[in-house]
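Peer 1: Have a look at this one before I ask anything.
Values in this text are rule-based calculations from the coordinates and carry no lab data. Because the structure is predicted, anything quoted here is derived from the model rather than measured. Neighbour counts run over all protein chains shown; Cβ positions are idealised from the backbone, glycine included.
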Amino acid sequence: MDSAKAVAKSLEAAFSGIQKTRMNDVPILNPALAVEAVGFRDWNGHCLGVLITPWFINLMLLPGGEEGVEKWQSLGLGASVTHILPAGRFNFIVGEEEAIGRFQMCSLFSPVLEFEDHEAARITAESALQALMADEQDEKVEDPDRHMLRMAKGDFPSAEEIASERERAAPHEVSRRNLLTVSQGDEESTAS
């Protein structure tokens, strides 16, 4: 098993445990969502991906190798660390859980009550990660994926937008691109 898969599995186990203990019966939980690690990959010597839970969707960064673990011990819990992703600068907060050690997280959604089902959350997580890792020059290309780049700037689609796109794409095969592409008219009405 490669390191990214091992990290994803550890995160899922740790946060599933948190859901069953510390987060049990907390009113902000979305019962339609489960704990899932999405798209974890090696990035700059660390491991980066998105973690979906019933209470948040966060970009998660975990140290790569023993050297990374040792370096991260000097970071104060709750400290803000800026990382430059292909889509721009993002602030991560340092956290720690006994089962996984130190990590850094960047909130994408919290709470996550607007998601009607886990599939919508997964599609959003995958699209956000794709947009965050896209080159900034992609924004200049006239392409339907350009709407996903708005997520890299913190403008995420609502559950209503996702549902609307799902309905429009229903007669056709539903793809992430069709689901998250907003028509020009919709884009103007949501930009306020």
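Peer 1: Trypsin sites (Lys or Arg not before Pro), restricted to segment 1-52: which are DSSP loop and have at most 11 other Cβ atoms within 10 Å?
Peer 2: Hits after loop and neighbour filter: R22.
Peer 1: Check W43: other-chain or 5+ apart residues with amide H under 5 Å from its amide H, H built from backbone geometry?
Peer 2: Amide H to amide H, under 5 Å and 5 or more residues apart or across chains, W43 pairs with L48.
Peer 1: Each residue of segment 11-19 in order: what ³J(HN,Hα) in whole Hz does its phi give by Karplus 6.51 cos²θ - 1.76 cosθ + 1.60, θ = phi - 60°, with x for Gly and Pro?
Peer 2: In residue order, the calculated couplings are 4, 4, 5, 5, 6, 5, x, 5, 4 Hz.
Peer 1: Share of Cα-Cα pairs in segment 59-110 beyond 18 Å, in percent?
Peer 2: 29
Peer 1: Can you tell me which of 120-126, 90-96 comes out highest on packing, and rank the rest after it, using the mean Cβ neighbours within 10 Å?
Peer 2: Ranking the peptides 120-126, 90-96 by packing returns 120-126, 90-96.
Peer 1: For segment 83-94, what does the Karplus curve 6.51 cos²θ - 1.76 cosθ + 1.60, with θ = phi - 60°, yield as ³J(HN,Hα) per residue in whole Hz, taken in order and with x for Gly and Pro?
Peer 2: 10, 9, 8, x, 8, x, 8, 9, 8, 10, 9, 7
Peer 1: Let me ask something additional. Run the dipole for segment 26-97 about the Cα centre, Lys and Arg Cβ at +1, Asp and Glu Cβ at -1, nothing else charged, and hand back the magnitude in debye, nearest 20.
Peer 2: Once rounded to the nearest 20, the dipole reads 320 debye.
Peer 1: Let me ask you something else. Largest first and to the nearest Å, give the Cα extent of segment 1-123 along each principal axis.
Peer 2: Largest first, segment 1-123 extends 39, 32, 31 Å along its Cα principal axes.
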